[in-house]
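Novice: Okay, handing you the structure first.
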Amino acid sequence: MTPLLERDIYLFDLDNTLYHPKEQIIEQIVVRMRDVVAKQMQLPTEQAYELCEDYYLKYGGTLRGLQLHHPELDIDEISFKAHHVDLQNVQADSALQQALSDNSKTRYVFTNSPRPYAERMLQHLGLADHFSGIFSVEQTRNYQMKPDPHAFERICQQFNFSATDAVMFDDQPSNLATAKAMGMRTVLVNRFDLDEHSACYRTEQLPKFLSKLNQAR
């Protein structure tokens, strides 16, 4: 783990990284996004789902595809409504809270989600005070989000660090591939379903992984 300790900036994705995928928040967002898009574009539900999925696969996020191909839509409204999810079943993790509290690195949340949702989720998880800042999708300025290199360049500019100073924790291999290509060290988180990956490290237990890092410093 020494290569990770050599970096001063730790970047954490939010969804399915700082909480477990079993909470099924992404599944809620997918359904809400589909329904909002169907309503705004007057499409059948199945067609709206296929459109959202296609844009997600092409651009790393449905919102980017909608912005590029449907400029008449209110992207901010779609984003807000899609992310207004029920957090009742999402459990705070005291071990993760402690591991982040004990960690001496400068930490930022780097998410493709909108800021109001990110702030709400971090508050719910009891993690709001454990990060020095949030870089949300609005700050890309044009919804050009991860895994596009533009998003990584923007967060480096926003918080004044170089990619080679950073470690990226994320559940999406495509995001980590961009991070690694730009010189970041990478940790794949919570991907029980993947046997192969190109990340520098992987973990399905982020609190324990961070605790080991903290003890090794």
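The values are calculated or read from the model by the stated rules, or taken from the named source; none is laboratory data. Computed from a prediction, not measured in an experiment: that's the story for all the values here. Reconstructed Cβ throughout: ideal geometry from the backbone, glycine too, with neighbour counts over all protein chains shown.
Novice: Being under 12 Å from the mean Cα position of the chain (by Cα) and of a type in the set (S, T, N, Q) is the filter; apply it to region 109-167 and report the residue that is farthest from P21 (Cα to Cα).
Specialist: Only one residue fits best here, namely S136.
Novice: Additional query: Need pairs with beta-carbon distance below 9 Å; first residue surrounded by fewer than 22 Cβ atoms within 10 Å (Cβ to Cβ) and at pLDDT below 95 and within region 174-196, second among the aliphatic types (A, V, I, L, M) and not in a helix (DSSP H, G or I); sequence gap 6+ or separate chains.
Specialist: Sorted first by the residue in region 174-196, then by its partner, the pairs are L194/L188.
Novice: Here is a further query. On the basis of being under 19 Å from P207 (Cβ atoms) and of a type in the set (G, A, S), does A92 make the cut?
Specialist: For A92, the condition - under 19 Å from P207 (Cβ atoms) and of a type in the set (G, A, S) - is met.
Novice: Among the numbered conditions (1) in contact (Cβ under 8 Å) with a residue 12 or more places away in the chain; (2) crowded, with 17+ Cβ neighbours inside 10 Å, tell me where T2 comes up short.
Specialist: (2)
Novice: I'm trying to understand the selection: among the residues of region 93-108, which are within 16 Å of N16 (Cβ to Cβ) and of a type in the set (A, V, I, L, M)? Steps first, please.
Specialist: Pass one, region 93-108, residues within 16 Å of N16 (Cβ to Cβ): 93, 96.
Scanning region 93-108 gives a single hit, L96.
Novice: May I ask you to list the residues in region 26-47 that are farther than 24 Å from N89 by Cβ and within 23 Å of the chain's Cα centre (by Cα)?
Specialist: Within region 26-47, just V37 meets the criteria.
Novice: In the list F209, F161, F110, which residue meets the criterion of being surrounded by fewer than 22 Cβ atoms within 10 Å (Cβ to Cβ), within 29 Å of S79 (Cα to Cα) and either in contact with a Gly (Cβ under 9 Å, 6 or more places away or on another chain) or of a type outside the set (A, V, I, L, M) (or both)?
Specialist: Among F209, F161, F110, only F161 is surrounded by fewer than 22 Cβ atoms within 10 Å (Cβ to Cβ), within 29 Å of S79 (Cα to Cα) and either in contact with a Gly (Cβ under 9 Å, 6 or more places away or on another chain) or of a type outside the set (A, V, I, L, M) (or both).
Novice: Can I ask one more? Strands (runs of 3 or more DSSP E) wholly in region 145-217 with at least 3 residues that are more than 19 Å from S104 (Cβ to Cβ) - which ones?
Specialist: Hits in region 145-217: 185-189.
Novice: Just give me the residues in region 123-138 being touching a residue at least 24 places away in the same chain (Cβ under 8 Å) and either of a type in the set (S, T, N, Q) or closer than 15 Å to S113 by Cα (or both), in sequence order.
Specialist: Of region 123-138, the ones touching a residue at least 24 places away in the same chain (Cβ under 8 Å) are 124-127, 130-138.
S132, G133, I134, F135, S136, V137, E138, listed by residue number.
Novice: If you scan region 25-46, which residues turn out to be free of Cβ contacts under 8 Å to residues at least 12 places away in the same chain and either within 28 Å of Q97 (Cβ to Cβ) or buried (at least 17 other Cβ atoms within 10 Å of the Cβ) (or both)?
Specialist: I26, E27, A38
Novice: Oh, and also: Is it the case, given these coordinates, that R34 is modelled with pLDDT of 95 or more, among the basic types (K, R) and in contact with a strand residue (DSSP E or B) (Cβ under 9 Å, 6 or more places away or on another chain)?
Specialist: In short, no.
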